[in-house]
Structure formats: C-alpha cells, structure tokens
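Below is one structure. I have some questions about it.
Just so it is clear, none of the values below were taken in a lab; they were calculated from the coordinates. It should be emphasised that the depicted structure is a prediction, and the values quoted were computed from it without experimental measurement. Don't worry about glycine lacking a Cβ; one is built from the backbone with ideal geometry, like all the others, and counts go over all protein chains shown.
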Amino acid sequence: MIPYGKHVIGDDDVEAVVDVLKHHFLTQGNKVQEFEKSLTNNTGAKYCVAVNSGTSALHIACLALDLGQGDLLWTSPNSFVASSNCALYCGAEVDFVDICPNSKNICPKLLDEKLAQANAKGRLPKILTVVHFGGLSCEMRKIGALCHKYGVSIIEDASHALGGTYLDNKVGSCQFSDITVLSFHPVKSITTAEGGAALTNNPELADLLQMYGKHGITRDTGKLQKDSPGGWYYEQQFLGYNYRLSDLHSVLGITQIAKLDEFVSKRTTLAQRYFSLLRDLPLRLPWQYEEAKSAWHLFVIEVLQHRRSDVFSYLRDNGVGANVHYIPIHTQPYYQQLGFAWGDFPNAENYYNNAITIPLHPLLSESEQDKVVGLLRDCLV
Ligand SMILES: *Cc1c(COP(=O)(O)O)cnc(C)c1O
C-alpha cells in the first residue's frame with residue numbers, strides 16, 4: 001500500500017536517539033531546551049514549550065489564554081477533533097466558523113459576519129483557533145484584524161504547516177496570533193514519534209504554557225509566592241498536567257528539524273508534479289495564493305459528480321492508501337450529542353463529500369506517483 005503520508009528516518013536520527021539512550025538523561029535533561037531553541041530559531045517566535053503531543057499543546061494553549069467554564073472557543077469544522085476537544089477539556093463551549101470553498105480554511109468573510117452577530121448577542125468567543133489546513137496558512141492578516149477588533153485571542157493550529165510561510169514570515173512566527181501549536185506525529189512535517197509544541201512571543205504566556213505542561217509547578221525564585229527555605233524548594237501554584245516531552249523524543253526533533261527544508265522542498269516538487277499530471281482530469285485541485293507557501297502536508301483532490309466513494313475504493317483496492325481529511329468535526333456523534341447537526345456548516349460538508357487525500361510525503365517516488373495518477377485516470381476518463 002502506498003501510504004498517504006509517512007515519516008523519514010535517517011541514520012542521523014537513529015544515532016542521535018541511541019546516543020541519548022547510552023549517554024544522557026532520558027528525560028528532563030537538556031535536549032528538550034535544545035529542541036525548543038531549534039524551533040524558535042526556525043520559526044522566528046520568541047518562546048517555545050515542547051510537550052508530548054500536539055493535542056497537549058492545544059490544551060495548554062487554551063489554559064494559558066484562560067479558557068474556562070462559561071467561555072467559548074471557535075474553530076474550523078474542517079480539522080482533526082483535537083482542535084475543538086481542547087476547549088471541552090477546559091470546560092468551555094465550542095462553535096465553528098465555516099471554511100472557504102477554495103482554501104478549506106476558516107473564511108474571513110464568514111468570520112466577520114459571525115463575530116458581528118456574536119457581538120450583538122453579547123456572546124463573543126474568548127479564543128479563535130484557526131487551522132492551516134493541508135499546510136496552507138489561513139489569511140492571518142484579515143483574521144488578525146477581525147479578532148483584534150473584538151478582543152478575541154488567536155491560536156494557530158499549525159499541526160500541518162511547519163515549514164510553510166505567510167507573507168514574509170515562517171508559520172509559527174505568531175505575527176498575527178497569541179500562540180501557535182505544532183504536532184510532531186509521524187505524518188507531519190517533522191516527527192518525534194509523538195510530540196508537539198506551543199510557540200509565542202509573549203513572555204507571560206510562555207511562563208503559563210511552561211507551568212501548565214509541568215503540573216503548575218515553578219522553581220523560578222522570582223515567581224515564588226512564599227520565601228524559599230532552600231535549593232530544593234518549588235511551588236505548585238495552580239493545577240497543571242504532566243505533558244513533558246522526553247529527551248529521547250526531543251533529540252529526534254533536533255535531527256529532524258535540520259532536514260525540514262529538504263522535506264518541504266521534496267513535498268513541494270511532488271505537489272507541483274501532481275498539478276501538471278492531473279491538470280486535464282475532472283477534479284478540483286488544491287488552491288494556492290500569493291501570500292502563502294504551503295508546507296504541503298496533504299494533497300487533497302475534490303472528485304466531482306458524486307464519484308468520491310467509487311474513486312476512493314478503486315484507489316484502496318489497487319494499493320493506494322487514499323484517505324479523507326476531514327470528516328467535519330460537528331458531524332461526529334459526540335458533537336451531535338452537543339447539539340450540532342448536518343447542515344450547520346455547509347461548505348465544510350460539501351467539501352468533505354468530494355474530498356480524497358492522495359499520497360504525498362518526501363519518500364514518495366515518481367513511479368508511485370504515476371501509479372496514483374494512472375488509477376485516477378482509469379476511473380475518471
Ligand atoms: C495532528 C493534528 C493534531 C493533533 O496532534 P497530535 O500530535 O496527534 O496530538 C491537532 N490538530 C491537527 C489539525 C492535526 O492535524
């Protein structure tokens with residue numbers, strides 16, 4: 001089966017992990033900070049807190065922005081469930097902003113309308129979590145201006161987009177957001193097996209992110225509430241979690257991020273090749289725009305004329321690990337119990353009904369790609 005996504009592990013990665021196993025602390029050593037530094041260097045953000053998953057990073061991002069009971073978070077229905085579940089972990093409520101049919105990202109125009117209505121009703125969200133779907137940045141300048149106008153905080157769920165750019169900045173720079181969240185799951189731009197990170201330019205948020213991921217504990221003498229009786233002393237000041245990333249995982253992140261540009265450039269070349277090979281087929285191909293360069297996490301085609309299921313099965317039956325991203329979050333049984341229904345976010349639903357993710361990852365060969373294209377041609381011509 002040709003998988004839709006796959007990690008790339010080299011000898012350098014293996015050696016780095018073995019070196020930690022043999023010679024260093026397995027956890028709570030200095031590799032975590034080194035990895036965090038490589039992430040701030042790469043993205044341009046000032047502060048980084050690495051944690052054990054992207055989901056954990058989303059959770060501490062919500063906590064650091066003080067999301068709690070009675071609050072509301074809005075996100076995209078076209079995402080993995082973690083984007084909205086993190087708000088429910090905090091006891092907050094969730095709602096969604098529909099996507100643009102072209103970008104598959106939250107639509108600034110629909111956001112504008114929804115914010116105006118929410119403001120009139122006195123029920124604005126505390127946080128908007130945008131999702132850079134497939135690796136393509138949302139239109140952050142417009143979204144940033146709208147949220148600023150209404151005092152709404154912004155989290156970027158950039159789980160797909162490490163290595164992408166927006167305007168002249170790397171995704172993760174937090175130019176238009178409070179916090180950016182990354183995931184290092186094996187299908188993402190780089191991997192630590194499991195892992196994630198939260199980036200910010202705000203020192204107070206950085207402290208809160210750090211503490212929420214480490215039990216709410218601080219050892220910083222400048223932050224203690226009581227006099228320190230000695231060097232062993234620490235304080236738990238609020239309820240946090242153990243979301244630590246181990247040194248074993250962090251060192252993999254360090255060797256991986258050194259290859260990020262290479263990975264993204266391979267993905268980009270393969271994506272451009274799909275564009276030329278699929279040009280004449282009755283498909284809608286991914287949208288691109290001037291201000292952003294995608295990290296090409298996913299290559300999604302939209303199959304027209306209700307043929308999606310047939311084409312999907314034909315690919316799967318012939319050794320291609322096609323997938324679908326995403327079943328709109330609000331249509332999940334759990335979310336329907338919360339009151340959402342089919343029809344609530346029609347752009348995300350229409351897109352979902354036609355979408356197929358075809359293989360795209362740095363190890364995909366041209367002959368594998370030709371096979372995928374040949375199978376699509378069999379079905380569609
Ligand atoms: C992968 C992903 C996450 C969750 O990341 P984990 O590291 O698997 O916890 C969250 N949001 C989006 C959009 C993702 O793709």
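Show me the ranking of peptides 213-221, 96-104, 55-63, 226-234 by mean Cβ neighbours inside 10 Å, starting with the highest.
Listed from highest to lowest mean packing, they are 55-63, 96-104, 213-221, 226-234.
Local charge sum around Asp178 (other residues, Cβ-Cβ under 13 Å, Lys/Arg +1, Asp/Glu -1)?
So the environment of Asp178 carries a net charge of -2.
Something else about it: May I ask which residue of His7, Pro125, Gly44 lies farthest towards the positive end of the charge dipole of segment 1-148, with charges of +1 (Lys, Arg) and -1 (Asp, Glu) on Cβ and the Cα centre as origin?
Pro125
Could you give the length gained by full extension between Tyr233 and Glu204, i.e. 0.36 nm per residue of separation minus their alpha carbon distance, to one decimal place?
Value of the extension gain: 8.3 nm.
Residue farthest toward the positive end of the dipole of segment 272-354, with Cβ of Lys/Arg at +1 and Asp/Glu at -1: which of Tyr326, Phe340, Val303?
In segment 272-354, that residue is Val303.
Compute the signed sum of charges (Lys and Arg +1, Asp and Glu -1) over the other residues within less than 13 Å, Cβ to Cβ, of Asp261.
Summing Lys and Arg as +1 and Asp and Glu as -1 gives +4.
Where Lys and Arg each count +1 and Asp and Glu each count -1, what net charge lies around Asp98 among other residues with Cβ under 15 Å from its Cβ?
Charge balance in the 15 Å sphere: -3.
Can you tell me which lysines have their Cα less than 20 Å from the Cα of Lys188? Leave out same-chain residues fewer than eight positions away.
Lys6, Lys37, Lys104, Lys170, Lys259, Lys266, Lys293
Out of the trypsin sites (Lys or Arg not before Pro) in segment 112-175, which ones are loop residues according to DSSP with at most 16 other C-beta atoms within 10 Å?
Here the trypsin sites (Lys or Arg not before Pro) that fit, given the DSSP loop and packing criteria, are Arg123.
So if we plug the beta-carbon distance of Thr269 and Thr27 into 1/(1 + (r/R0)^6) with R0 = 45 Å, what FRET efficiency do we get, rounded to 0.05?
After rounding, the FRET efficiency stands at 0.75.
Only Cα pairs under 8 Å and at least 6 apart count here; give the relative contact order of the chain as a rounded whole percent.
The normalised contact order for the chain reaches 23 percent.
Still on this structure, please answer the following. In terms of modelled amide H atoms, which long-range or inter-chain residues lie less than 5 Å from the amide H of Gly216?
Counting only residues 5 or more places away or on other chains, the set is Gly240, Tyr241.
Something else: Is segment 145-190 best put as rounded, prolate or oblate by its Cα gyration tensor, with a ≥ b ≥ c the root eigenvalues, rounded for a/c under 1.5, and otherwise prolate when a/b is larger than b/c, oblate when not?
Since a/c reaches 1.5 but b/c is at least a/b, the shape of segment 145-190 is classed as oblate.
For Val18 and Ser365 in one chain, what is 0.36 nm times their gap in residues minus the Cα-Cα distance, to one decimal in nm?
122.0 nm
Would you compute, for the Cα atoms of the chain, the largest minus smallest coordinate along each principal axis and list the three values in descending order, in whole Å?
Answer, in whole Å and largest first: 77, 59, 38 Å.
Treat every Asp and Glu Cβ in segment 50-205 as -1 and every Lys and Arg Cβ as +1, leave all other atoms uncharged, and give the resulting dipole magnitude about the Cα centre to the nearest 20 debye.
280 debye
For the chain, what is the charge dipole size about the Cα centre, in debye to the nearest 20, if Lys and Arg each add +1 at the Cβ and Asp and Glu each add -1 at the Cβ?
340 debye
Return the whole-Å distance between the Cα centroid of segment 180-215 and the Cα centroid of segment 253-274.
For segment 180-215 versus segment 253-274, the Cα centre distance is 21 Å.
For n ≥ 4 DSSP H runs only, could you compute -39500 (n - 2.57) per run for the chain, divide by its residues and tell me the 222 nm figure to the nearest 500?
Computed ellipticity for the chain at 222 nm equals -12000 deg cm²/dmol.
Would you work out the charge dipole size for segment 177-226 about its Cα centre, treating the Cβ of every Lys and Arg as +1 and the Cβ of every Asp and Glu as -1, and quote it to the nearest 20 debye?
Its charge dipole is roughly 200 debye.
Once fully extended, how much extra length lies between Arg279 and Leu304, figured as 0.36 nm per residue of separation less the alpha-carbon to alpha-carbon distance?
Between Arg279 and Leu304, full extension yields 7.6 nm more.
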